Amino acid sequence: MSQPSTEPTDPSRPSPPPQPGHRPAAPRFRPPATPEPGSAQGTPQGHRAGSPPQGPAGPRPPAPIVQGTPGGHGTQGRQDPQGQPDPHGAPASSPGPGASRPASAPGPQSAPASAPFRSSPGPVGSQPPGPRQPQPSRPAPQPGPPRGFSPGPSQPGHPGGLVPPGGPQRPYPAAAQPVFAPTITQEMRLRHQVAPPQQPYRPAEPRTEWTTTAIALPGQRKSWSARRIVALIGVCVLAVALLVMLLIALLVFGPAALVVVPLAALPLIVVVGVIWLLDRWRPQSPIMMALCVLWGAAASVVMTLVLGLGAEIAYALTIGAPPDWVGPVIHAPLFEESTKGVLLLAILIFARKHFDGPLQGLLFGSLIGIGFAFTEDILYIGTATMAGQELGAGGGIVAGGLTFFLRGVLTPFAHVAFTGAIGLIMGFGARRPGLGWGIGLFFAGLPVGMLLHGLWNLIASTSLTFLLDLLVAALMGFLCFAGWLTAALLLRRDEVKRTRQALEDYAQAGWLTPAEAEMFGSWAGRRKGRAWAARFPGGKPIMQKMIRTSALLAVLRHRILLNPRTTGAERASEAKLLAGFTRLRSELLQRAGMPG
């Protein structure tokens with residue numbers, strides 16, 4: 001980099017001495033006539049395929065003239081008007097080779113510490129040109145916003161009071177972010193030429209009084225959309241239906257139902273607890289989880305009984321009495337898995353934000369399966385208890401206890417694995433934009449669940465000896481549990497990895513800091529973030545919402561990268577979530593007493 005020239009000043013035009021109390025005017029300069037080869041001055045600022053994300057695609061507007069604020073995010077990488085290093089750590093820039101200096105221009109000087117304005121000749125991240133020394137005889141330029149910008153309230157990451165019309169910029173300039181190692185998201189963007197995360201400009205919302213903010217804490221007021229209300233109504237209806245079914249069981253089994261129902265509920269509690277532990281990375285709505293359990297326990301059971309009864313009547317009228325193996329091997333897998341899978345398809349279509357990957361599909365299907373197993377266990381244990389009571393005193397307890405041991409202890413994950421396999425296969429299609437892949441993989445996963453169910457019933461209906469039957473049941477139950485748990489752990493590990501990769505993509509674009517990407521992309525970072533936010537009033541609910549928002553952003557980023565041609569709705573959702581994340585960050589920093 002060439003050093004600035006020190007030509008002698010013109011004696012006919014002496015430089016006036018500074019007056020006491022006079023504030024030096026901001027210098028006016030223009031870019032050099034010939035940009036330096038290889039510098040960022042001659043590089044297009046629009047988005048190029050293969051470049052790291054730099055905010056909105058296309059050329060960015062020139063940076064406004066803003067008041068310098070020490071510590072502001074938006075001043076990183078800028079240069080002092082006099083060619084000296086920026087007080088925030090940016091290196092100084094020398095004039096380009098094509099820049100000319102008038103004979104009357106003085107030599108390099110240090111910019112006054114009280115210079116009220118700074119100027120950035122290009123977008124953030126470009127190399128500023130060499131400055132032209134000011135003409136002392138000319139009047140000082142009056143500060144004011146450049147054309148195309150309007151004054152507005154300060155934004156996080158914007159040190160001055162001039163905000164582009166349309167909304168907040170990225171909180172952190174992309175040029176100030178360290179470059180991460182290439183990730184799979186960058187490779188996918190290179191392959192598909194996907195634009196980086198974008199955000200339209202909008203004016204910031206005015207801050208309210210602290211009392212209003214303290215009363216209305218984020219996360220305490222829920223937005224009840226029409227779909228949420230429909231889901232809640234469905235939960236209430238299914239709960240009433242299940243209550244009616246339990247009353248019928250009490251009438252049929254008598255006092256024994258008071259023991260049968262709690263026994264059947266034990267596997268339900270254990271499996272739901274395991275699913276809750278596996279779903280901590282991106283927790284699902286309690287309404288959706290309750291809907292899945294109640295659908296399997298009530299709606300799916302009733303639909304299966306109706307379809308099975310109709311099939312038996314049709315079979316008897318056309319062919320005759322069906323063989324004994326037709327019911328458990330053909331009818332049961334066909335009707336049970338179909339009625340359980342209907343809810344998975346409904347969630348994919350009407351509640352897409354809850355069904356965004358194979359892990360969510362596996363867990364939703366598992367909840368439906370354990371709900372179905374709960375009602376089925378009541379039926380089997382109650383029937384065995386009534387049959388054992390006819391054999392004599394104590395026969396009902398033995399028969400019922402043995403049935404509970406086989407179904408509730410050895411094989412509680414049978415229905416969980418069958419329906420979970422359908423949801424897992426659907427989840428790979430749910431990662432892509434649109435509904436075509438998800439619906440197609442539903443019809444591909446449904447035969448898999450039916451086949452597993454049919455093989456299970458075929459082996460269970462082959463009776464050998466009592467001990468061999470117990471060993472076979474234990475082995476089958478262990479295989480179901482081991483396969484299900486292994487798949488869940490692997491999918492959760494993959495989801496954590498994909499979240500970290502997507503957040504690094506946002507950090508490269510300037511929406512997050514590298515520290516935020518590391519914190520929201522790891523278990524340890526999330527724990528530390530919640531512990532830190534809990535020290536401030538109302539901080540922990542805000543941190544929880546930031547964690548959920550970051551996970552949703554990661555899902556959307558990968559969905560956009562998988563199919564960049566059909567990403568209109570996904571990009572709109574991405575822009576909305578980015579704006580919400582920025583507001584949450586500002587609110588959290590305000591509660592912590594930090595500038596934000």
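Panel values: the stretch 499-567, Kirkwood radius from alpha carbon pairs, Stokes-Einstein at 37 °C and 0.692 mPa s, translational diffusion coefficient 261 µm²/s. Its Cα gyration tensor gives the stretch 278-329 an equivalent ellipsoid. The semi-axes, each the square root of 5 times an eigenvalue, are 37, 12, 6 Å from largest down.
Comparing the stretch 362-429 with the 2.2 N^0.38 Å rule of thumb, its C-alpha radius of gyration ratio is 1.41 (two decimals).
Peptide packing for 333-340, 275-282, 225-232, 407-414 was compared via the average number of neighbouring C-beta atoms within 10 Å per residue; ordered from the highest value, the list is 333-340, 407-414, 275-282, 225-232. Along the stretch 283-293 the Karplus relation, 6.51 cos²θ - 1.76 cosθ + 1.60 evaluated at θ = phi - 60°, assigns HN-Hα couplings of x, 8, 5, x, 5, 5, 5, 5, 4, 5, 5 Hz to successive residues, with x for each Gly and Pro.
Of the residues 380, 315, ranked by 1.4 Å probe accessible area with the largest first, the sequence reads 380, 315. How much net charge surrounds residue 446 when only other residues with a Cβ under 15 Å from its Cβ are counted (Lys, Arg +1; Asp, Glu -1)? Overall, the nearby charge balance is -1. A simple charge model with +1 on the Cβ of Lys and Arg, -1 on the Cβ of Asp and Glu and nothing else charged puts the dipole of the stretch 228-349 at about 480 debye relative to its Cα centre.
Using a probe of 1.4 Å on the protein chains alone, the accessible area found for residue 587 is around 30 Å².
Computed from the alpha carbon atoms alone, the convex hull of the stretch 386-495 holds 112 Å³ per residue.
A simple rule links phi to the HN-Hα coupling: the Karplus curve 6.51 cos²θ - 1.76 cosθ + 1.60 with θ = phi - 60°, which for the stretch 553-560 gives 4, 5, 5, 5, 4, 5, 5, 5 Hz, with x for Gly and Pro. In this simple spin-label approximation, residue 458 and residue 346 carry label points 7 Å from Cα along the Cα→Cβ vector, and these lie 3.2 nm apart.
For the stretch 312-409, the C-alpha radius of gyration divided by 2.2 N^0.38 Å, with N the number of residues, is 1.47. Residue 354 contributes about 40 Å² of solvent-accessible surface, heavy atoms of the protein only, 1.4 Å probe. When 287, 378, 269 are compared by accessible area of protein heavy atoms, the largest-first order is 269, 287, 378, using a 1.4 Å probe. Inter-part distance, the stretch 284-311 to the stretch 392-440, computed on C-alpha centroids, equals 12 Å.
The values are calculated or read from the model by the stated rules, or taken from the named source; none is laboratory data. Given the structure is predicted, the values throughout are model-derived calculations rather than measurements. Note that we place each Cβ from the backbone using ideal geometry, even for glycine, and neighbour counts take in every protein chain shown. Areas reflect the complete protein model, heavy atoms only, side chains present, ligands, DNA and RNA absent. Shrake-Rupley method; radii C 1.70, N 1.55, O 1.52, S 1.80 Å.
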